[in-house]
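For reference, the structure is listed below as structure tokens.
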Amino acid sequence: MLTKKVQKRFSFLILFIALTIIAVFFILKSLNNNILYFKSPTDIKSEEDLVFNKKIRVGGMVKKNSLEISDKEIKFTITDFNNEIRVSYTGTVPNLFIEGKGVVAEGKLKDKKFFVADRILAKHDENYMPPELENIMKQNAK
């Protein structure tokens, strides 16, 4: 039989472990909701269990002669030199956004060939390329 002091410590330990597990669960759940996955057009085309209307990032190069600018939106094509995805964006783009340069678009997929962007990320100098995008380009160039 355990003494009253040992029972109290044991109860405190069990309560502490339970609260720690609950806190870790809520922290991981919160982080999982805020993760934005990076995908290339080839990843999107080859993935079978894609979730549409969930925020992701799509990256690649802006295809030459694909830029269409109207007064309400900008449409362009992102390519990784294997596959392409059409992007629609409403808003202002960064100064370095031009055809033939790298871009990362943040938004939601409507289908495997069309992406609606909320943000265009190209706020880097013209020599910078995200490591994920650089690896994909090297693999596709072979």
**Item:** Label point 7 Å beyond Cα of Lys108 along Cβ direction - residues of the stretch 12-52 with amide nitrogen under 13 Å
**Value:** 51-52
**Fill in**
Label model pair Leu15, Asn65: point-to-point distance (7 angstrom along the Cα→beta-carbon line) in nm is 7.3
**Message:** Can you compute the modelled spin-label distance between Leu36 and Thr90, with each label point 7 Å from Cα toward Cβ, in nm?
**Reply:** 1.9
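Pairs to check: Lys29/Lys110; Lys45/Lys72; Lys55/Lys138; Lys75/Lys112. Give those whose C-alpha atoms are more than 20 Å from each other in this structure. Could the numbers behind the result be given before it?
Values: Lys29/Lys110 25 Å; Lys45/Lys72 28 Å; Lys55/Lys138 26 Å; Lys75/Lys112 16 Å.
In this structure, Lys29/Lys110; Lys45/Lys72; Lys55/Lys138 lie more than 20 Å apart at Cα.
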**Item:** the chain: angle of helix 4-33 to the longest principal axis, Cα-based, in degrees nearest 10
**Value:** 10
**Request:** Report, to the nearest 10°, how far helix 131-141 tilts away from the longest principal axis of the Cα atoms in the chain, using its own Cα long axis and a range of 0 to 90°.
**Result:** 50
**Request:** Mind checking the stretch 24-73 for chymotrypsin sites (Phe, Trp or Tyr not before Pro) that DSSP puts in a loop (not H, G, I, E or B) and that have at most 13 other Cβ atoms within 10 Å?
**Result:** Phe52
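Just want the ordering: Lys138, Lys39, from fewest to most Cβ atoms lying within 10 Å of their own Cβ.
Working: Lys138 9, Lys39 23.
Arranged by neighbour count, lowest to highest, Lys138, Lys39 become Lys138, Lys39.
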**Asked** Counting pairs of alpha carbon atoms under 8 Å apart in space and at least six apart in sequence, what relative contact order in percent does the stretch 31-121 give?
**Response** 29
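Every read-out reported here was derived from the displayed coordinates using simple, explicitly stated rules and does not represent laboratory data. Not measured: the values here are computed from a predicted model. With ideal geometry, Cβ positions are generated from the backbone for all residues, glycine too; neighbour counts draw on all protein chains shown.
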